[in-house]
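No lab work stands behind these numbers, since they all come straight from the coordinates. Everything numeric in this text was worked out from a predicted model, so none of it was measured. As a convention, Cβ positions derive from the backbone with ideal geometry for all residues, glycine included, and neighbour counts pool all protein chains shown.
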Amino acid sequence: MAPGQYSADPKRHTLQPIVTGATVVGMKYAGGVLLAADTMASYGSQARYKDVCRLKKVGNYTLLGASGEISDFQYIGDLLDELDMTDFLQEDGCHMGPQEYASYIGRVMYNRRSKMNPLYNQLIVAGKKESGESHLAFIDHQGTAFQEEFIATGFGAYLAMPILRNEWKPDISLEDAKKLAIKCLQVCFYRDCNAYFKIHVATCDGETQEISEPIAMDHYWGHSAWLKKSLEGGTLGVNESW
Amino acid sequence: MAGTGAGYDLSVNTFSPDGRVYQVEYAQKAVENSGTSLAICCKDGVLFAVEKFMLSKMLVPGTIKRIFPIHRHAGMSIAGFLADSRQIVSRAREEANQYKSVYTDEIPPEVLAERLGNFTHLFTLYWSARPFGCTVLFGAVDPETKVPSLFQIDPAGLVYKFKGTAIGKGKQAAKTEIEKLMANPDITCEEALVHVAKIMHKVHDEKDKDFELEASWICPKSNYQFAAVPNDLLKTAEDKAKEMIEAEENED
């Protein structure tokens, strides 16, 4: 189209995500990093796919966890796999670690948002390269990137972060870190309608890099206050709350 | 205009009156001047080996590689012009990468070998192009079935499938040895390593410069991924091979 002319039907990029994942929590623990996310991929508010892994191993030292658009997460995963392949083909024994991957994703995300065509994700990149430092980074669809000791994405940024702030300690043990992550996702499951009770936990300690089989979290919905029917003239008054 | 081709050897797009394309044949000659390069399909994987001449005493060992990874479960060894072969290596990597991004699966070795054959063949069709002065041995192991396969692609663009083969200077002698070696269909890459080292040392022409044995494999030992044979393993295999050759010579 000639300069100065505009189409009546302009090209539009993604305006909202379609199939989405909810919270990912990540934290450092003594000797490594841990990520946890539930197995749900929602279609709007519909619980569409209930056995999806939103965590991914990248190379030998890095884990990637994503909330937001699942297809964009898969695309980013493919990009990183291609990068890992170039490392493999180089045959020099040098491999990218969490820091390099996080930086790369940050550039991709910022580049895409600058084209007004973002990848709709909040990502956590976690990892540890052999005896190096643990690395935990957050990157969002605008290219915002930072490193932290513990991070939660999506609704978890509101629901899980306060819990993490209260209970996370430097040099927390792997077992406690796992419990804490599960506690966070449990709270998310109770309050976030896009969350689910089945989760994956992934760890990386520089030597091994592992994503667990799906774990079912405990949950209880039988509290009497939750069972009262407020619309049928129950005892719960207008200004009352449980 | 003097010479064997009598004027018909200047371009790949002119046949000689007796139906030959000399430029392609000359390209194949270039391969025959190169150090021996061999590959064998063992029971559990593919093993590559190359006789790499040390052009100078100052050359750093382990450099100017002649065996390349193509993707995680495939590799390629070279005879002929190394620079030409890089063209094929990078094309193979592109094809493998592109196939994976479209189909998520790894490219079947047959498909990649055929594509590389077509690629090579293109350079025998136009007067503006020069055929590749190299032949490549392309080997892969299917990541699921663990079935190994091996192909040879020559400057004409022909694709052969082999159980084991050799190219370059010592190809005749090496091929006879490989035939003997492959009489045992159950041989593993690890077991074959010594024999391959022996073949390479046997085939090596004393008149030529000293050589470095370069070897790579795709086998259980390397977790079914393409990898250089570890230096210590290669060293012991070479030492043992030399002993065996010496013992044979003493017998005579």
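Shielding by partners for peptide A:208-216, expressed as the average number of C-beta atoms from other protein chains within 10 Å of each residue's C-beta, is 0. Here the simple spin-label model places points 7 Å from the Cα toward Cβ, and for A:Leu227 and A:Thr86 these points are separated by 6.0 nm.
In percent, rounded to a whole number, the relative contact order of region B:22-147 is 34, using alpha-carbon pairs under 8 Å and six or more apart. Using the Cα centre of region B:2-104 as origin and beta-carbon charges of +1 (Lys, Arg) and -1 (Asp, Glu), tell me which of B:Ser11, B:Val31, B:Gly75 is placed farthest towards the positive end of the dipole. Farthest towards the positive end: B:Gly75.
If you run the Gaussian network model on chain A, springs between alpha carbon atoms under 10 Å, then out of A:Gln46, A:Gln99, A:Gln186 the most flexible one is A:Gln46.
Ranked by the mean number of other Cβ atoms within 10 Å per residue, highest first, peptides B:196-206, A:4-14 order as B:196-206, A:4-14. The sum of -39500 (n - 2.57) across all DSSP H runs of n ≥ 4, divided by the residue count of the protein assembly as shown, sets its helix-only mean residue ellipticity at 222 nm to -10500 deg cm²/dmol. Run a plain Debye calculation on chain A (Cα atoms as equal point scatterers, no solvent) and give log10 I(q)/I(0) at q = 0.08, 0.10, 0.11, 0.14 Å⁻¹, rounded to two decimals, same order as the q list. Calculated log10 I(q)/I(0) at the listed q: -0.35, -0.52, -0.61, -0.90. For region B:1-157, the dipole from Cβ point charges (+1 on Lys and Arg, -1 on Asp and Glu) about the Cα centre works out to 560 debye, to the nearest 20. Shielding by partners for peptide A:91-98, expressed as the average number of C-beta atoms from other protein chains within 10 Å of each residue's C-beta, is 1. Based on C-alpha pairs under 8 angstrom that are at least 6 apart in sequence, chain B has a relative contact order of 27 percent. Could you state the number of Å between the C-alpha centres of region B:112-138 and region B:193-226? If we compute the Cα centre of each part, the gap is 26 Å. Shape index of the protein assembly as shown: Rg/Rh, with Rg the Cα radius of gyration and Rh the Kirkwood radius from the inverse mean 1/r over Cα pairs, equals 1.12. Computed over region B:153-252, the Cα gyration tensor eigenvalues convert (square root of 5λ each) into semi-axes of 22, 19, 15 Å, ordered from largest to smallest.
The mean number of Cβ atoms from other chains found within 10 Å of a Cβ in peptide A:201-207 is 0, as a whole number. Each of A:Asp171 and B:Lys235 was given a label point 7 Å from its Cα along the Cα-to-Cβ line. The distance between the two points is 4.1 nm. Based on the reciprocal of the average 1/r between different C-alpha atoms, the Kirkwood radius for chain B equals 18.8 Å.
Within chain A, the whole DSSP H helices whose Cα atoms reach 27 Å or more along their own axis and whose mean Kyte-Doolittle score is at least -1.0 are A:70-90. One quarter of the surface of the convex hull around the alpha-carbon atoms of region A:158-218 equals 4.7 nm², the direction-averaged projected area.
Here the contact order of region B:1-64, divided by its residue count and restricted to Cα pairs under 8 Å and six or more residues apart, works out to 17 percent. On a C-alpha basis, how far is the centre of region A:33-91 from the centre of region A:157-209 in Å? Whole number, if you could? Rounded to whole Å, the Cα centres lie 18 Å apart.
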